[in-house]
Structure formats: structure tokens, C-alpha cells
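Trainee: Before we start, here is the structure in question, set down as C-alpha cells.
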Amino acid sequence: MKKRIVILGSGESGTGAALLAHRQGFDVFVSDKGAIKEEYKKQLDAHGIAWEEGQHTMDKILKASEIIKSPGIPEKSEVMRAVRAKGINVIGEIEFGWRYAGKCTIVAITGSNGKTTTTELTYHLLKYAGLNVRMGGNVGNSFATMVYSDLEHGDMEAQRIFVLEVSSFQLDDIQRFRPNIAMLLNITPDHLDRYDYKLENYVRSKFRITMNQKRGDLFITNYNDPNIADYLKTHPEAIKCRMERVRKSELKNGYARIGRHLAFDIASTPLKGPHNAFNAACAIRAALRLGVEPEVIEEGLYYFTPPPHRMEKVAEVNGVTYINDSKATNVDSVYYALQAMDAPIVWIVGGTDKGNDYSPLFKLVRRKVKAIVCMGVDNSKILKTFKKFKKPMIETRSAEEAIITAAGFAEEGDTVLLSPACASFDLFKNYEDRGEQFRDAVLKLYPD
């Protein structure tokens, strides 16, 4: 009798896991409380994989030998409470993909901020050097999808490298997943609604990235991050491999210095701001570890294109620069964005609050922001928090309304910055949708 795998959630990760599980001979059932996208339905149907949408049929789910859970499903949900009560083993798609990846090298990257940029930069440097590398995880293709594709095409060579962005939610559902190189970029309060509003729970979740590493592996992290430093002091047993800690003192005058003899010119690249210099230093260390020559890394840095929705310059209209930083879904990301701006800022902020403490932004807002445009269904917390600065503040309910309002505040030489500090789900499908609607609204400002 076939082992039954039930997959909760049918997005990129769930569908990838379903295809991989089906290929490996399991009896697969996909259940999604929401709607399943047509493209995923077609993939499931093409392989004869049973699915349901708009509900969770418990008697079908609880017959599972093992469950692969979407990272978006909280433990407090009704379906997860039932699964846990039944004692069924639950893993995530990252764990499932790792089981069947074969001999390969895995670079896994997490952190509250900078994950996507660092993941894409690491991938770019390795690809530029001619290595056999794939990128995915929490960005692009799921890990399971990539492993499925390799198995289908018979491409299982040991030299394959997977560069994976992994979120805390994904790390919560690993058991044996072991990256050869792990990066923990930073830890600031984020998603605390999923962690009982306790920062220590979130920190513990992030450190799961290194829990299965062994001697011979590499853990790259942030020397100057207080939450990381505190955890390392109280949990010295957490690190079982070589650890390299990137220091601010290594990032000066536009250069990232690695060891005594290597210095990489970051100022001449598209990576702007001190936070991106740090991200680059981490990616460089991974590339060096995997044998890429320093001169190739230097050249690769110059040709890197930052990801969309992350400090993306959309346009300059009537002398006003419009920046799309839609991926800035927490306070720390906004801090870096405001810090990187030299011109007066009209700041577009708001969305679904995740328990934010906005106080770290106060000095930057006082000094750099000339007006605040709220873009969300409920802006009460933002209005209450920032009213003491006596900046003009207006509420809006769409990207187009926000842009028209911001353009009214902006003068030649100013910057309109979308850096929301919040999740996007009140008005948009996701942060990409929010960024794309922002971009479209900006481009409408051009005169006919």
C-alpha cells in the first residue's frame, strides 16, 4: 500500500511538493482552504493528483502518513490543531525537497531583512563564475520544484548548487535539512503575531537554519546584530561548524574587506547603502568558500541587478524620483531605506500591521520625511504614532490615490518612497502586486 502524503496549501511550494511526491510513488492529496490558481490545477491534473479547494476535508487529511504544510498556515489554525492531535508527522516543502536532492551543495539564507537581495546576489556571483547553480526557496521556484525538475531531466550531478532563501516559517518545519553554507543576516522584530509576540521565539526560529550543520559546514552571520550576539552568548552549543561573523568595521569607504588581503569595491556597484554592503560581504564569503576567484567576484558585483520591489527606482517625473521598496514589510527594512535617502522624502507607508514598534524610525522621520501618505485599510496606529512630528499626513485606499497624493506633496529634487513597514494583504494580493500597482500609478504621471 502506498504511503499517503497530504499537502496543505497549493501555492508554488505545495504544488512543487505534490509533483515531487507523486514522482516518488506516494499517494498524494492536496488540500487548500482558499482557491487554487488555474496554473497549479493544470499541473496537478496533468499528473493525476487529487486536490480540493475552499475547504479542508478532515477525514481525507487525517488519513495521511505524513503532511507537508505550507509555511503560510499557522499552528493555531483548526486544521493544524487536528493534525497535531492525531500525531501525524508534519514537515515543510524545504525538508521534503532536501530528502530527494541527492549529492549537492546547499546555500541557505535567512534574516529579517536583505534575504532576497543576498540570495539573488549569491546566485548571480556563482552563475557568473560558470557554476551549476539554481536559485529558489522563498523566492522564485520552490526547492521541491527544482529537485523534481532535476530528477525528471536526469541532472543529479554532485556539483549542483542550490541557493535558497528561507523564511522563519519554512525553518519552523524542517527536521534534518542541512545547508552546507548557512547565512543569518540579521534579526529584528517581524511576524511576531506568529510567535506569540515574543521576540525570543522568533530568534529561536531563525537559528534553526544552523541546527543540523556539522563540522566542515559554514555559518555566516552578523557580528553587530544584538539579537544574534545575545543568542550566541546564551546558546554556544547552537553552532557546530565554522562560523564567520561579518563586522561593520570591515565595511568602510565603499569597500568590503574579507580577511587581511581581500577588498571588494561595493561603491561602484548597483548595491547602495551600508545594509547592501553587508549583504554583499556575506555573498562574497559564500562565493569564496565555493572556489570563485576574487577577480571574478569583483566583476560579477559590477554586473549585478538588484531585485524588483527592493529600493527599485521606478522613474523620475517632474524632477521627483519614485522608489519602489514594497518588499520592506517591517520596520527595520524601512529604517535602511530612509537611511539610504539623501533627498527630502514623501513616505508612503501602511498595510497590515504585524505588531510594529515604529520608534526606531523616529529620528529619520523627523529629519528626512516631509510628508506621510498612509496606504491601508486601517491606518490608525501609524497616524497616532507619527502625529507628534507635525508632518502632513493623509490616508489613501489605493496605490493610484497614494501616488496622486504623494505627487501633490513632492517638489523637484524630492523622493517619493514606497516603504510600507507592513504586510500587503489588506489592499493587495502580495508585496509584488503592491509594488506593481505602485509602478503603474507612477508611470501614469507622465504627461501624454
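The values are calculated or read from the model by the stated rules, or taken from the named source; none is laboratory data. If you're wondering where the values come from, they're calculated on a predicted model, not measured in any experiment. Quick reminder, even Gly has a Cβ in these numbers, built from the backbone with ideal geometry, and neighbours come from all protein chains shown.
Trainee: Looking only at segment 380-435, how many residues end up being closer than 22 Å to Tyr336 by Cα, in contact with a Pro (Cβ under 9 Å, 6 or more places away or on another chain) and part of a helix (DSSP H, G or I)?
Mentor: Residues that pass the stated criteria total 4.
Trainee: Just to check your reading of the model, which residue among Ser326, Ser359 is surrounded by fewer than 19 Cβ atoms within 10 Å (Cβ to Cβ), under 25 Å from Lys384 (Cα atoms) and not acidic (Asp, Glu)?
Mentor: From the options Ser326, Ser359, the qualifying one is Ser359.
Trainee: What residue, among those in segment 425-447 that are of a type in the set (Asp, Glu) and at pLDDT below 95, is nearest to Ile323 (Cα to Cα)?
Mentor: Glu432
Trainee: Could you tell me which numbered condition Asp196 fails, if it satisfies all but one of (1) over 19 Å from the mean Cα position of the chain (by Cα); (2) assigned to a strand (DSSP E or B); (3) not hydrophobic (A, V, I, L, M, F, W, C)?
Mentor: (2)
Trainee: Counting only residues that are closer than 18 Å to Ala182 by Cα and in a loop (DSSP other than H, G, I, E, B), how many does segment 85-101 have?
Mentor: Qualifying residue count for the region: 1.
Trainee: Might you check whether a residue that is buried (at least 19 other Cβ atoms within 10 Å of the Cβ) and part of a helix (DSSP H, G or I) occurs anywhere in segment 362-375?
Mentor: Yes, the conditions are met somewhere in segment 362-375.
Trainee: Is at least one residue of segment 223-238 touching a residue at least 24 places away in the same chain (Cβ under 8 Å), in contact with a Lys or Arg (Cβ under 6 Å, 6 or more places away or on another chain) and surrounded by 21 or more Cβ atoms within 10 Å (Cβ to Cβ)?
Mentor: no
Trainee: Collect the residues in segment 46-78 that are under 18 Å from Gln24 (Cβ atoms) and in a helix (DSSP H, G or I), keeping them in residue-number order.
Mentor: Ala46
Trainee: Also, I was wondering about something else. Could you please find all residues in segment 203-236 being among the β-branched types (Val, Ile, Thr) and out of contact with any Phe, Trp or Tyr (no Cβ under 9 Å at 6 or more places or on another chain)?
Mentor: Within segment 203-236, Ile220, Thr221, Thr234 qualify.
Trainee: Another question, if that's okay. Quick check: is even one residue across segment 344-352 buried (at least 16 other Cβ atoms within 10 Å of the Cβ), closer than 22 Å to Asp190 by Cα and in contact with a His (Cβ under 9 Å, 6 or more places away or on another chain)?
Mentor: no
Trainee: Look through segment 165-202, keep the residues that are touching a Phe, Trp or Tyr at 6+ places or on another chain (Cβ under 6 Å) and under 23 Å from Val246 (Cβ atoms), and return whichever of them is surrounded by the fewest Cβ atoms within 10 Å (Cβ to Cβ).
Mentor: My answer is Tyr202.
Trainee: Then there's this: If you go through segment 266-290, how many residues are in a loop (DSSP other than H, G, I, E, B) and either of a type in the set (Ser, Thr, Tyr) or farther than 25 Å from Ile323 by Cα (or both)?
Mentor: Residues meeting the conditions: 3.
Trainee: Within segment 397-431, which residues are among the polar types (S, T, N, Q) and in contact (Cβ under 8 Å) with a residue 12 or more places away in the chain?
Mentor: Answer for segment 397-431, where residues must be among the polar types (S, T, N, Q) and in contact (Cβ under 8 Å) with a residue 12 or more places away in the chain: Ser398, Thr405, Thr415, Ser419, Ser424.
Trainee: Then there's this: Looking only at segment 327-340, decide whether some residue is outside any helix (DSSP H, G or I) and within 18 Å of Glu411 (Cβ to Cβ).
Mentor: Within segment 327-340 (the criterion being outside any helix (DSSP H, G or I) and within 18 Å of Glu411 (Cβ to Cβ)), the answer is no, since none of the residues qualifies.
Trainee: Let me ask you something else. Restricting the search to segment 288-343, which residues are under 30 Å from Pro189 (Cα atoms) and among the polar types (S, T, N, Q)?
Mentor: Answer for segment 288-343, where residues must be under 30 Å from Pro189 (Cα atoms) and among the polar types (S, T, N, Q): Thr305, Thr321, Asn324, Ser326, Thr329, Asn330, Ser333, Gln339.
Trainee: Another question, then. Could you say whether any residue in segment 19-39 is within 25 Å of Arg176 (Cβ to Cβ) and loosely packed, with under 14 Cβ neighbours inside 10 Å?
Mentor: yes
Trainee: What single numbered condition from (1) touching a strand residue (DSSP E or B) at 6+ places or on another chain (Cβ under 6 Å); (2) among the basic types (Lys, Arg); (3) surrounded by 24 or more Cβ atoms within 10 Å (Cβ to Cβ) fails to hold for Arg434?
Mentor: Unmet for Arg434, out of (1) touching a strand residue (DSSP E or B) at 6+ places or on another chain (Cβ under 6 Å); (2) among the basic types (Lys, Arg); (3) surrounded by 24 or more Cβ atoms within 10 Å (Cβ to Cβ): (1).
Trainee: Moving on. Is it the case that some residue within segment 387-397 is within 27 Å of the chain's Cα centre (by Cα) and not assigned by TED's automatic domain parsing to the domain that holds Asn227?
Mentor: Among the residues of segment 387-397, at least one is within 27 Å of the chain's Cα centre (by Cα) and not assigned by TED's automatic domain parsing to the domain that holds Asn227, which makes the answer yes.
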